[in-house]
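No value in this document is a laboratory result; all are computed from the given coordinates. Here the structure is a predicted model, which means the values were calculated and not measured. Methodologically, a virtual Cβ is constructed for each residue, glycine included, from the backbone with ideal geometry; neighbour enumeration extends over all protein chains shown.
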Amino acid sequence: MPGRKLAEYEAKRDFKRTPEPGAKVARAERKALRFVVQEHHARRLHWDLRLEKDGVGVSWAVPKGIPPDPKKNHLAVHVEDHPLEYFKFAGEIPKGEYGGGTVTIWDAGTYETVKWTEREVMVEFHGERLTGKYVLFQTRGNDWMIHRMDPPQDPDRKPMPQRIG
Ligand code: MN
């Protein structure tokens, strides 16, 4: 957190009097972190959730997809970090290659970090299909669970219809 690291710098200055920059970056100026969920028709269908963090995509493979309801947690297998460029990837991975099969982008958007520790990642998604607060928590080794913290998303939620005429 820049606020904490720059506490000493801040304590020495009155930013109402000095033209020097303060340590706090306005919320709107902060670059939003991106997420993507890729639907991956590999040997086994799964969804890959990737969260932008420190220049890479921290990734989980979610066999049953992102749970829309807080009553049902889904397994999320922590996998290797992916390059950020991967967030835009959709296409065919050749048969016989690692992850061979079709990848499509199920949803993409931004997220806010509520909490991020070694074993627990709490975020709020701002996507087209995926919105709301979720927590991922480690159960054993690479096995994590993903849990929706907000009430269920409206199953009838659809994009605004395009009016003609
Ligand atoms: Mn995958």
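Full extension of the chain between Q153 and T102 gives 15.7 nm of extra length, using 0.36 nm per residue less the Cα-Cα distance.
Taking each of K71/K115; K53/K115; K64/K115; K53/K88 in turn, the alpha-carbon distance tops 18 angstrom for K71/K115; K64/K115. Other residues within the sphere of radius under 12 Å centred on the Cβ of W106, judged by their own Cβ, net out at -2 (K and R +1, D and E -1). Summing +1 for each Lys or Arg and -1 for each Asp or Glu among the other residues whose beta-carbon sits under 10 angstrom from that of K133 gives -2.
With K and R counted +1 and D and E -1, the other residues having a Cβ less than 14 Å from that of A42 yield a net charge of -1.
Computed from the C-beta positions of E10 and H41 and an R0 of 45 Å, the FRET efficiency is 0.30 to the nearest 0.05. In plain terms, the chain from L33 to Q138 could stretch by 35.6 nm, reckoned as 0.36 nm per residue minus the Cα-Cα distance. What are the trypsin sites (Lys or Arg not before Pro) within the range 81-139 that DSSP puts in a loop, where the Cβ has at most 11 other Cβ atoms within 10 Å? Here the trypsin sites (Lys or Arg not before Pro) that fit, given the DSSP loop and packing criteria, are K95, R119.
Listed by chain and number, the lysines whose C-alpha is less than 20 Å from the C-alpha of K16, apart from same-chain residues fewer than 8 away, are K24.
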